[in-house]
1. Count, please, the residues in region 168-207 that happen to be more than 30 Å from residue 319 (Cβ to Cβ) and of a type outside the set (S, T, N, Q).
2. Kindly evaluate residue 148 against the criterion of being over 24 Å from residue 275 (Cβ atoms) and among the hydrophobic types (A, V, I, L, M, F, W, C).
3. Determine which single condition residue 329 fails, assuming it passes every other condition in (1) in contact with a helix residue (DSSP H, G or I) (Cβ under 7 Å, 6 or more places away or on another chain); (2) over 26 Å from residue 37 (Cα atoms); (3) open to solvent by less than 50 Å² (accessible area, probe 1.4 Å).
4. Report yes if residue 390 is under 19 Å from residue 233 (Cβ atoms), not charged (D, E, K, R) and not in a strand (DSSP E or B), otherwise no.
5. With 19, 46 as the choices, which residue is closer than 19 Å to residue 69 by Cα and either open to solvent by 70 Å² or more (accessible area, probe 1.4 Å) or not in a loop (DSSP other than H, G, I, E, B) (or both)?
6. Considering only region 67-138, give the helices (runs of 4 or more DSSP H) lying wholly within it that have at least 1 residues that are open to solvent by 60 Å² or more (accessible area, probe 1.4 Å) and more than 30 Å from residue 32 (Cβ to Cβ).
7. Are any residues in region 365-391 closer than 19 Å to residue 39 by Cβ and free of Cβ contacts under 8 Å to residues at least 40 places away in the same chain, and if so, which ones?
8. Could you check, for region 25-43, whether at least one of its residues is open to solvent by 60 Å² or more (accessible area, probe 1.4 Å), in contact with a strand residue (DSSP E or B) (Cβ under 8 Å, 6 or more places away or on another chain) and either touching a residue at least 24 places away in the same chain (Cβ under 8 Å) or under 14 Å from residue 6 (Cα atoms) (or both)?
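The values are calculated or read from the model by the stated rules, or taken from the named source; none is laboratory data. Quick caveat, the model's predicted, so the values are computed rather than measured. Counting neighbours? That spans all protein chains shown, and the Cβs are built from the backbone with ideal geometry, glycine included. Heavy atoms of the whole protein, side chains included, go into the accessibility calculation; ligands, DNA and RNA do not. Shrake-Rupley method; radii C 1.70, N 1.55, O 1.52, S 1.80 Å.
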Amino acid sequence: MNENKRTLLSFGYKEEMVDACKKMGLNIVSLVDPWDKPEYLPPCKDGESRVFTQDNTKNELILSALAREGKLSFDAAVSPFETTLVSCSFISQVVSKPFIEPLTAIAFRDKSFQKKLLRNKLPVADLWFIEDVNKFEIREQYPYPIILKPVAGAGTSHTYKVDNEQELISHIRKHAEDRSLPQSMIIEEFINGEEGHVDGWISNGQLQLFTVSKYGQPLINIHQGALVQSIALRPELHKDLYDRLEGFVSEALMTLGLENGVFHMEFFYNKDEDKFTFSECGARIGGGLIAHMFSHMFKIDINEILVRLALGEEVLWDNDNKTSEYTGWIYLPTISPDTKSLPDVSILKKRPGVTKVVYNWKPGQEIQDTRVSTVHRTGMALVVGDSEEQVKDRMHALIRYFLELTEINK
């Protein structure tokens, strides 16, 4: 590593973040813990190094690891992932400079506190906080169906749609009996409608470029086998929607205290009532292929945007939002435990509209069940087309083709 270059600390390994730093002429140190599966990571590139910790959410372990390595001074620190946002905020006060203050980080991590802050600002779901599942007692009649989920969860893990009191008691009892499961939970009103997301950045309190996307199905449906999929709506063709959501998003970000940073916000839209309801928001780049979708649509690397904002730069968008096609992405389905290898990426990219394929599973790893969480995936594909329907049809055709090929590779 070049000691004369500025250095970024990243909480967790993300290849796109490494590439962005290389392009910007920065060094990067990635904090890597068992969640990153370090044995499967590629070799370090020029300007990149890694520090192993036992747990990237434990401040004492993080600071000890950095101290042992003599790496205690950075130009900026970022968290590409939901679970390490708060740790990054605290540790940055010691080894760098605060990018996102701790209370702001908590507002974007604790979804109960988040909704409390927004309740009188935007439509949000009613919720009930369960501090400890071991002490929970049903004291009222909830408006079933309801959603039961962790206070600080990620990727729909341990998130349940509950249809009656008996199911609620069963889930609560399961968590109470297994201390490895989340112990603080939220009961949340179930919101009918289409689920969507908004992704972009804010600089000096002003919302900059953002995209509005529609999920193929509400994310909770993955537990019944639905694949995560999303299609971004083109700003110039959906101007009314973008105009309506601009104020909605700005109000949420400013209320939660984010003046500089990237964000991934989820919402529900009820067509009958023509109403948007806030779901939740993270102060991070969205998962899946959202960063690649952003790059394809606007030729902008949002990973680089995050780094520049963390370094204290003002990052403004003064161009028009012209796009040439609809862009979507979809998870590849869970594969058979007997699968020995995956189809060559070049074969899948020959399918109509398929511009990128990324594999997250490597031979030798445990097969990921995509029904458990949105962070479990075999791989993902970016697909483009002339309309929403064409993108959707192409994505589904790709999935069928992928399953045919993986059957051959057993």
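1. The initial filter retains those residues of region 168-207 that are more than 30 Å from residue 319 (Cβ to Cβ), namely 168-193.
Adding the requirement that they be of a type outside the set (S, T, N, Q) leaves 168-169, 171-179, 181-182, 185-191, 193.
Qualifying residue count, region 168-207: 21.
2. Working: over 24 Å from residue 275 (Cβ atoms): no; among the hydrophobic types (A, V, I, L, M, F, W, C): yes.
Considered against the rule, which asks whether it is over 24 Å from residue 275 (Cβ atoms) and among the hydrophobic types (A, V, I, L, M, F, W, C), residue 148 comes out as no.
3. Here residue 329 clears every test but (2).
4. On the way: under 19 Å from residue 233 (Cβ atoms): yes; not charged (D, E, K, R): yes; not in a strand (DSSP E or B): yes.
Taking the combined requirement at face value, the residue satisfies it.
5. Numbers: 19 fails: closer than 19 Å to residue 69 by Cα.
Of 19, 46, the one residue that is closer than 19 Å to residue 69 by Cα and either open to solvent by 70 Å² or more (accessible area, probe 1.4 Å) or not in a loop (DSSP other than H, G, I, E, B) (or both) is 46.
6. Details: elements: 85-95, 102-109, 111-118.
Passing ranges, in order: 111-118.
7. Once the filter is applied, which keeps residues that are closer than 19 Å to residue 39 by Cβ and free of Cβ contacts under 8 Å to residues at least 40 places away in the same chain, region 365-391 yields 366, 367, 368.
8. Start the filter on region 25-43 by keeping residues that are open to solvent by 60 Å² or more (accessible area, probe 1.4 Å), which leaves 34-35, 37, 39-40, 43.
Right, trim to in contact with a strand residue (DSSP E or B) (Cβ under 8 Å, 6 or more places away or on another chain) and you get none.
Checked region 25-43: no residue is open to solvent by 60 Å² or more (accessible area, probe 1.4 Å), in contact with a strand residue (DSSP E or B) (Cβ under 8 Å, 6 or more places away or on another chain) and either touching a residue at least 24 places away in the same chain (Cβ under 8 Å) or under 14 Å from residue 6 (Cα atoms) (or both).
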